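Visitor: Take this structure first; my questions come after.
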Amino acid sequence: MSDFPESDRLDTFPHPRETARIIGQEEAERSVFDAFMSGRMHHAWLLTGPKGIGKATLAYRIARFVQAYGTPDLARAAGARDLSVPENSPVFRQVAALSHPNLLVIRRPYDEKAKRLKTVITVEEVRRTAGFFGMSAGADGWRVAIVDAADDMNVNAENALLKILEEPPARGLFILISHQPGRLLPTIRSRCRTLAMRPLADADIAGVLAANDVKANEEERAAIARLAEGSAGRALSIAEGGGLDLYKELVALLKPLPRLDVKGLHAFADKVGRRGADDAYETFTDLLGDWLQRLVRCGAGVGAGPDLVAGEGAAMARLAAGAGLDRWVEVWEKISQTVARAETLNTDRKLVILNVFSMLESVAGERTGA
């Protein structure tokens, strides 16, 4: 197990490499299983789709399977019907502990000096694959490199990976996880078999919550599923981090715009922006982005869906009709850029939240054609 913080670990929930079951991605799993069993396993897979839908879970599931069986004949002899590997097997335990000698995980490294994860995957991390694939994995063995997430690579890292993909090692397997594949070099995408994974259905989200012993009633689970928008990871984050209550507080601040409850806003920013409240802050930025997206859809006549908080739909319609959709799309994009830049510069999060609401207040006060 990693000694450093992991960007994709959610509080006390199992990490994707520790998760034995995958929910709602049977079609994607079948594609990989059939390719392996046919003897036509591609050397590089690009798993795409929104964050939190099970891409990393599938990646580690693939890694365990090929390490456990090695060849289609051995998998058939073991009666394999999918990519599952027994939880009590040595392979499962080694992969969960990141101690399997034939597995390499490329991800954002931890900066000892800054005491935080770096913002990108560096070229030095990708170059580790050279020595890794230079070692023998045994007659029936595979060497597996997981890049999580490939979107985090800087330009030099992408070019280094491309060189390796152009001359793939024998019995080497690359699994690239990407939330935004359009950001990757086209030449990288062309050398991978892309497996587009879909957001989970609400029933699948409910299954994920149940599998992780999340305590919530039926109404709360339905609300979490709606806010999660098909992302199991996000559903768990919302459930564990008090996301429903956070959403209610957020909407209470958004509904009266352009009027601002200054005292309430500062209290909210103190709580969400304080040091150590990483999950709450990330949940806030996600929920705000979704609320603005629903506002735009509402203004375009698509519909924002039923209210999770009484009166929020009416507030969205009023705000969309006031400043106009173009301005709301513009401020939505500007807020996203502000949040991303603030993380890079390690800006005080309370100031970020106050700045975000200042932008919202300004746009909400405008009138189309004024």
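Visitor: In deg cm²/dmol and to the nearest 500, what is the mean residue ellipticity at 222 nm of the chain if only DSSP H runs of at least 4 residues count, each as -39500 (n - 2.57), divided by the residue total?
Guide: When only DSSP H runs of four or more count, the value is -16500 deg cm²/dmol.
Visitor: Oh, and also: Under 20 °C and 1.002 mPa s, how fast does segment 154-225 diffuse according to Stokes-Einstein, given a Kirkwood radius computed over C-alpha pairs? Answer in µm²/s, whole number.
Guide: Answer, rounded: 138 µm²/s.
Visitor: If I fit a long axis through the Cα atoms of helix 349-364 and take the longest principal axis of the Cα atoms of the chain, what angle between them do I get, 0 to 90°, rounded to 10?
Guide: 50 degrees
Visitor: Provide the three semi-axes, in whole Å and in decreasing order, of the ellipsoid equivalent to segment 266-348 as defined by the square roots of 5 times the Cα gyration tensor eigenvalues. If you can, show how the numbers build up before the last one.
Guide: Details: eigenvalues 136, 49, 19 Å².
Gyration-tensor ellipsoid for segment 266-348: 26, 16, 10 Å.
Visitor: May I pose another question? Pop the C-beta distance of residue 340 and residue 130 into the FRET formula with R0 = 30 Å and round what comes out to the nearest 0.05.
Guide: For residue 340 and residue 130, the calculated efficiency is 0.45.
Visitor: Hey, what angle do you get for helix 55-69 against the long axis of the chain, alpha-carbon based, 0 to 90 degrees rounded to 10?
Guide: That works out to roughly 10 degrees.
Visitor: Would you kindly work out the equivalent ellipsoid of segment 61-152 from its C-alpha gyration tensor and give its semi-axes, the square roots of five times the eigenvalues, largest first in whole Å?
Guide: Working: eigenvalues 171, 43, 24 Å².
Ellipsoid half-lengths, sorted descending, are 29, 15, 11 Å.
Visitor: Normalised radius of gyration for the chain, please: alpha carbon Rg relative to 2.2 N^0.38 Å, two decimal places.
Guide: Values: Rg = 22.4 Å, N = 370, 2.2 N^0.38 = 20.8 Å.
Its radius of gyration relative to the 2.2 N^0.38 Å reference: 1.08.
Visitor: Here's a follow-up. Keeping every protein chain present and rolling a 1.4 Å probe, give me the accessible area per residue for the chain in Å².
Guide: 48 Å²
Visitor: Under the 0.36 nm per residue contour assumption, what length would be gained going from the current alpha-carbon distance of residue 361 and residue 35 to full extension?
Guide: 112.0 nm
Visitor: Next question. According to the square roots a ≥ b ≥ c of the eigenvalues of the Cα gyration tensor, what is the shape class of segment 209-249, taking rounded for a/c under 1.5, prolate for a/b larger than b/c otherwise, and oblate for the remainder?
Guide: It is rounded, given that a/c, with a ≥ b ≥ c, falls under 1.5.
Visitor: Add +1 for every Lys or Arg and -1 for every Asp or Glu among the other residues with Cβ under 15 Å from the Cβ of residue 29, and state the total.
Guide: Charge balance near residue 29 sits at +3.
Visitor: Okay, next question. Would you calculate the separation in nanometres between label points at residue 265 and residue 193, each defined as 7 Å from the Cα along the Cα-to-beta-carbon direction?
Guide: Here the answer is 5.3 nm between the modelled labels.
Visitor: Under 19 Å Cα-Cα from residue 255, which aspartates and glutamates qualify once same-chain neighbours fewer than 8 residues away are excluded?
Guide: 245, 286, 290, 307, 312, 361, 366
Visitor: How much solvent-accessible surface does residue 240 expose, in Å² to the nearest 10, with a 1.4 Å probe and all protein chains in place?
Guide: We get 90 Å² for residue 240.
Visitor: Still on this model: How far apart, in nanometres, would the label points at residue 43 and residue 226 be if each is projected 7 angstrom from Cα along the Cα-to-Cβ direction?
Guide: It is 5.0 nm.
Visitor: Compute the distance in nm between two label points, each set 7 Å from the Cα along the Cα-to-Cβ direction, one at residue 114 and one at residue 155.
Guide: 1.9 nm
Visitor: With the cut-off at 1.5 for a/c, could you classify segment 214-370 from its C-alpha gyration tensor as rounded, prolate or oblate?
Guide: The shape class here is oblate.
Visitor: What number, in nm² with one decimal, is the all-direction average of the projected area of the convex hull of the alpha-carbon atoms of segment 30-78?
Guide: 3.5 nm²
Visitor: To two decimal places, what compactness ratio does segment 189-268 give when its Cα radius of gyration is scaled by 2.2 N^0.38 Å?
Guide: On the way: Rg = 16.8 Å, N = 80, 2.2 N^0.38 = 11.6 Å.
Scaled against compact globular proteins, the figure is 1.44.
Visitor: Now for a separate question. Between residue 245 and residue 314, take the C-beta separation as r, use R0 = 30 Å, and let me know the FRET efficiency to the nearest 0.05. It would help to have the intermediate numbers written out before the result.
Guide: Working: r = 22 Å, r/R0 = 0.72.
For residue 245 and residue 314, the calculated efficiency is 0.85.
Visitor: Below 8 Å between Cα atoms, with a sequence gap of 6+, how large is the relative contact order for the chain in percent?
Guide: 16 percent
Visitor: Report, ordered by chain and residue number, the lysines lying within cross-link reach of residue 248, taken as a straight Cα distance under 27 Å and ignoring same-chain residues fewer than 8 apart.
Guide: Those lysines meeting the cut-off are 51, 215, 263, 271, 334, 350.
The values are calculated or read from the model by the stated rules, or taken from the named source; none is laboratory data. Because the structure is predicted, anything quoted here is derived from the model rather than measured. A quick note on method: Cβ atoms are made from the backbone with ideal geometry, for glycine too, and the neighbour counts reach across all protein chains shown. Protein only, heavy atoms only, side chains kept; ligands, DNA and RNA dropped before computing areas. Shrake-Rupley method; radii C 1.70, N 1.55, O 1.52, S 1.80 Å.
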